[in-house]
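The values are calculated or read from the model by the stated rules, or taken from the named source; none is laboratory data. All of these numbers come straight from a predicted model, not from anything done at the bench. Here the Cβ is made from the backbone with ideal geometry for all residues, glycine too, and neighbour counts use every protein chain on show.
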Amino acid sequence: MFYATLAAQLSGLDVASSAPRHAVAPLNPPGPGVAAAEAAAARVASTAGFPGTMFLSAALLAYGAAINAVGIRRAPSVGAS
């Protein structure tokens with residue numbers, strides 16, 4: 001998602017080649033010699049996927065809690081009548 005967002009913001013940048021991938025990495029500061037426009041686009045692209053990732057994490061947490069609530073049963077006590 002990072003490189004797709006980067007390509008959408010910077011027309012003419014070929015994100016399929018290795019040069020932009022070495023100069024700009026997700027969630028990292030841009031390398032030396034990166035243009036200011038590319039650095040700004042990298043900051044936006046790094047933060048663009050965060051809300052979706054947090055929503056997915058919360059959904060998986062809720063799903064796991066629901067599975068635990070339904071699937072875990074208390075074992076009967078030994079010696080209980």
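List of remarks:
- Unique match (being out of contact with any His (no Cβ under 6 Å at 6 or more places or on another chain) and more than 30 Å from PRO30 (Cα to Cα)) among SER77, SER46: SER77
- Only listed residue being at pLDDT below 85 and either within 17 Å of the chain's Cα centre (by Cα) or of a type outside the set (Lys, Arg) (or both), chosen from ALA65, ALA69, ALA16, ALA80: ALA80
- From the list ALA37, ALA45, the lone residue that is in contact with a Ser or Thr (Cβ under 6 Å, 6 or more places away or on another chain) and either on the phi < 0 side of the Ramachandran plot or at pLDDT below 85 (or both) is ALA45.
- The range 26-77, subset within 24 Å of MET1 (Cα to Cα) and of a type in the set (Val, Ile, Thr), residue surrounded by the most Cβ atoms within 10 Å (Cβ to Cβ): VAL34
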